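Remarks on the structure that follows.
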């Protein structure tokens, strides 16, 4: 069971915005791998630095304003014709993500570290830790579930990092649908 402090991973992504506005000159340097959405107002493209780029990013092109937005996280995905899931890499710590296809168990511990004025909140987690004797059916509906008295209780209908840290309860959590936390970004609001 591997235990990693959440704040270390958050530091890597917290410094960056989720997307940045890019100009036409920068856009022309990118190679389009695929067109995911193309309508009268919006175009969503999967782009890379070259044809062989293994980690392509998404670009949203607003055709009305000609503004283009490059998403920083390469694992962002177009969920439907208006929403992009900006995935957090919080619980992914190895290359065996196929085991998390239907969700992920995470044992989480919240505590404070340091002394005043350098006191900070820390979240430590152990991915793929499973509570003993749990034999109930796992949920598939989006949300964050907390394990208590051999049952899963829905804490939030949103699967975001903000909602995960909101209650600060120590214990087992279950995150369905690939076991990922994500923010939903409406491409028409960019």
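No lab work stands behind these numbers, since they all come straight from the coordinates. No experiment lies behind these values; they were computed from the predicted model shown. Neighbour counts are summed over all protein chains in view; Cβ atoms, including those assigned to glycine, are modelled from backbone coordinates with ideal geometry.
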Margin query: What number do you get for the range 102-186 when its Cα radius of gyration is normalised by 2.2 N^0.38 Å, N = residues?
Written below: 1.16
Notebook entry, point to check: Gain in length, residue 17 to residue 113, computed as 0.36 nm per residue apart minus the alpha-carbon separation, to one decimal in nm?
Noted result: 31.9 nm
Notebook entry, point to check: On average over all directions, what projected area in square nanometres does the range 141-190 have, based on the convex hull of its Cα atoms?
Noted result: 4.1
Next item on the list: Find how much the distance from residue 52 to residue 153 grows on full extension, using 0.36 nm per residue of separation minus their present alpha carbon separation; answer in nm with one decimal.
Entry: 32.0 nm
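Scaled to the compact-protein estimate 2.2 N^0.38 Å, what is the alpha-carbon radius of gyration of the range 14-88, rounded to two decimal places?
Rg over 2.2 N^0.38 Å, computed on Cα atoms: 1.03.
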Check: Which FRET efficiency, nearest 0.05, do residue 170 and residue 81 yield, Cβ-Cβ r, R0 45 Å?
Finding: 0.70
Margin query: Take residue 40 and residue 184, extend 7 Å from each Cα along the Cα→Cβ direction, and tell me the distance between the two endpoints in nm.
Written below: 2.5
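Mind ordering 109-122, 30-43 by average Cβ neighbours within 10 Å, highest first?
For the peptides 109-122, 30-43, the packing ranking is 30-43, 109-122.
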